[in-house]
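Dumping the structure here so I can ask a few things about it.
The values are calculated or read from the model by the stated rules, or taken from the named source; none is laboratory data. Since we're looking at a predicted model, the values are computed, not measured. Glycine gets a Cβ as well: all are built from the backbone with ideal geometry, and neighbour counts include every protein chain shown. Keep in mind that these areas ignore ligands, DNA and RNA; they rest on the heavy atoms of the full protein, side chains included. Shrake-Rupley method; radii C 1.70, N 1.55, O 1.52, S 1.80 Å.
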Amino acid sequence: GSAPVLMTRAKHYIEQAVESDVKMPQIAKRLNISYSAFRHLFKLYTGISPARYLTDLRLYRAKELLRRSDISVKEISYILRFGSPEYFTTMFKRNTGLTPSQYRKI
């Protein structure tokens, strides 16, 4: 398919991956293109890398969970595949200027 169509599909696959362990090379494979071509095209069309797009989506979802649930910060970090609560807190603070606990209180 054409590059714009492929990148629309790529965004869809990444959006589905927010709470899963899918890796970017697997998405490239599903699109039937090489990983390097995938990364290049994605950045060309969106301005950010696929991994950054996924992290941004996960952080957006984390904000929703912090606002709308009382799921613990630790649990959210695992649901959204951040690997560890510490890494989640670091990424969240870098994105918002607040820790997840501070964000939940505002």
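Quick one: what pairs do we get from the range 30-52, first residue modelled with pLDDT of 95 or more, second of a type outside the set (S, T, N, Q) and open to solvent by 80 Å² or more (accessible area, probe 1.4 Å), C-beta under 6 Å, 6+ apart or different chains?
49/43
Right, another one. When you scan the range 59-76, how many residues do you find that are over 16 Å from residue 102 (Cβ atoms) and either of a type in the set (Lys, Arg) or at pLDDT below 95 (or both)?
2
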